[in-house]
1. Using a 10 Å cut-off around each Cβ of peptide A:51-63, what is the average number of partner chain Cβ atoms that fall inside?
2. Taking the Cα centre of chain A as origin, sum charge times position over the Cβ atoms of Lys and Arg (+1) and Asp and Glu (-1), and report the length of that vector in debye to the nearest 20.
3. Which of the helices in chain B, when you take each full DSSP H run, stretch at least 18 Å along the axis at their Cα atoms and have an average Kyte-Doolittle score of 0.5 or higher?
4. When averaged across all projection directions, what area in nm² does the alpha-carbon convex hull of segment B:4-129 cover?
5. Considering only C-alpha atoms, what is the centroid distance from segment A:93-145 to segment B:89-111, in Å?
6. Report the extension gain between A:I109 and A:F72 in nm, rounded to one decimal, defined as 0.36 nm multiplied by the number of residues separating them, less their alpha carbon distance.
7. Using Cα-Cα distances under 8 Å and only pairs 6 or more residues apart, what relative contact order does segment A:23-144 have, in percent?
8. Can you give the Rg to Rh ratio for segment A:23-144, taking only C-alpha atoms and Rh from Kirkwood?
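The values are calculated or read from the model by the stated rules, or taken from the named source; none is laboratory data. In this text the structure is predicted, and so the values were computed from the model without any measurement. All Cβ positions, glycine included, derive from the backbone under ideal geometry; neighbour counts span all protein chains shown. Note: accessible area is taken over every heavy atom of the protein model, side chains too, but ligands, DNA and RNA are not part of it. Shrake-Rupley method; radii C 1.70, N 1.55, O 1.52, S 1.80 Å.
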Amino acid sequence: MPEKRTYPNRLGLNGWVFGGRWGVERYLFILHRLTGLGLITYLLMHIVVTASRALGAEWWDRSIGAVTGPIFTFGEFLVVAGFAFHAANGLRLVLIEMGWLTGKAEEPIYPYKTSLNVQRPFMIVMMALAAVLIVMGGVDIFAAH
Amino acid sequence: MRMPHTKLWSWHIIASVVLLVLLGLHIAIMHLNDILNLAGFNPYGANPIDWENVAFRTKQLSFTIIYILVLAAGLFHGLYGTQTILFELNPSPRVRNWITGLFLIMGIGLLVLGTWAAIAGRTTALALTR
């Protein structure tokens, strides 16, 4: 078996959280990871808690009662906010991955047009959409409690 | 079976599109129901987690299918994404194998639990509301 070539990750955790002088997309990347990790942590717990519905009303009320209160309400808001951002930014990433938001290759004539600039208007629209969804989620969740 | 990472990455993206639609629907029904006026999914009052509303949705076959699809896509997308993040820290092959094994066991275990809950929950809800 050929030896696997590895490259040392010299920045370690700092490389994950510090975008330096890179553009706003680099910080969206960090936030995408953080929200993703938060959402998967929530999903793992959510599956266990909501499995109680298979056992009937009494078990359901008991398990939901265990995760009710102001802290959990705030947590619910964080889940909605995290999903709104992760989904909006994720859609942008998928479209970039497919090559639909990067623009066509062209000769580099000054002033240069980069693929980052091509996708930026869509990024602004997606972030605005995420912000609207986060506000809507906040109004719905906190007004209901 | 060895699956190349390009294939797994493609599945990661396909799962994200499934989640965008179906998890978006779930989030709207559960957390934006008042503001979007989705009373049709919660006919027994405004609180979507009241048992009557839960039973109403759970007994519908379409929701059982949606729950299982969201579960599978969510677990794969989330666990594969987490694995990718952890692998960027350049762990040894032994640690990589441990992480992969742990995530596989967690993923399959929770998929079985969630699928059971969706199917058995439907049977329970149908029996109680008949």
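1. Details: counts 9, 2, 13, 12, 4, 7, 8, 1, 2, 8, 4, 0, 0.
Mean shielding count: 5.
2. Details: 12 positive and 9 negative charges, 110 e Å.
The calculation lands at about 520 debye.
3. Values: long enough: B:5-31 (35 Å, 1.40); B:61-87 (39 Å, 1.61); B:93-129 (53 Å, 1.10).
Qualifying helices: B:5-31, B:61-87, B:93-129.
4. Working: hull surface 35.8 nm².
Convex hull of Cα atoms, orientation-averaged projection: 9.0 nm².
5. 32 Å
6. Numbers: separation 37, 0.36 × 37 = 13.32 nm, distance 5.43 nm.
Additional length available on full extension: 7.9 nm.
7. On the way: 68 pairs, mean separation 36.7, N = 122.
Taking the mean separation of contacting Cα pairs over the length of segment A:23-144, I get 30 percent.
8. Values: Rg = 19.6 Å, Rh = 17.0 Å.
The Rg/Rh ratio comes out at 1.15.
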